[in-house]
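Report on one structure; see the data block that follows.
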Amino acid sequence: MSMSIGLVWFYSLFWASLPVFSSYGPEPFGTSCTINWWGMRSSLIDRVYILLILIMCFFLPTLTIVASYVTILLTFSPRPGGGVGDREQPASVLPATYGVSDSSNVCQVSLHD
């Protein structure tokens, strides 16, 4: 667990410190600074940084989240033949899993009435 937290800190500090080697530009209202989005047209370093931050800080985490949710859905989705996912789950896990969705539906119905 502490290794994961350390990797997250390193990842975030790495990407937060990269603009030091690139350039900053003013926000539209001039109250603070941001990545030099307009420098993308003229500077190869700014262009590479913006594309890397888009891929590594937006698309990669989004892909990781979507893949995780798809894996969870495939694992716990009902299968023909009575099984759930690839393996049988302990009996104590299934009622709690389905009970949460049932109680949330009841709450939604009662809020709309």
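The values are calculated or read from the model by the stated rules, or taken from the named source; none is laboratory data. Keep in mind the model is a prediction, meaning the values are calculated, not measured. Methodologically, a virtual Cβ is constructed for each residue, glycine included, from the backbone with ideal geometry; neighbour enumeration extends over all protein chains shown.
Enumerate the pairs (first residue in the stretch 6-27 and farther than 12 Å from Cys57 by Cβ; second residue anywhere and assigned to a helix (DSSP H, G or I) and of a type in the set (A, V, I, L, M)) with beta-carbon separation below 6 Å, excluding pairs fewer than 6 apart on the same chain, so at least 6 apart or on different chains. Every condition considered, the pairs that remain are Ser22/Ile45.
Screening the candidates Leu7, Leu52 for the property of being at pLDDT 80 or above, part of a helix (DSSP H, G or I) and exposed (fewer than 12 other Cβ atoms within 10 Å of the Cβ) yields one hit, Leu7. Pairs are defined by a Cβ separation below 6 Å, a sequence spacing of at least 6 or placement on different chains, a first member in the stretch 49-61 that is farther than 14 Å from Ser12 by Cα, and a second member that is of a type in the set (Ser, Thr, Tyr) and modelled with pLDDT under 90; the pairs so defined are Tyr49/Ser22. Checking each residue in the stretch 35-53 for being small (Gly, Ala, Ser) and closer than 17 Å to Val20 by Cβ picks out Gly39, Ser43. Looking across the stretch 13-33, just one residue is polar (S, T, N, Q) and under 22 Å from the mean Cα position of the chain (by Cα), and that is Ser17. Taking the numbered list (1) surrounded by 11 or more Cβ atoms within 10 Å (Cβ to Cβ); (2) modelled with pLDDT of 85 or more; (3) of a type in the set (S, T, N, Q) in turn, Ser23 passes all entries but (2). Of the residues Ala67, Ala91, the single one that is among the aliphatic types (A, V, I, L, M), at pLDDT below 90 and surrounded by fewer than 12 Cβ atoms within 10 Å (Cβ to Cβ) is Ala91.
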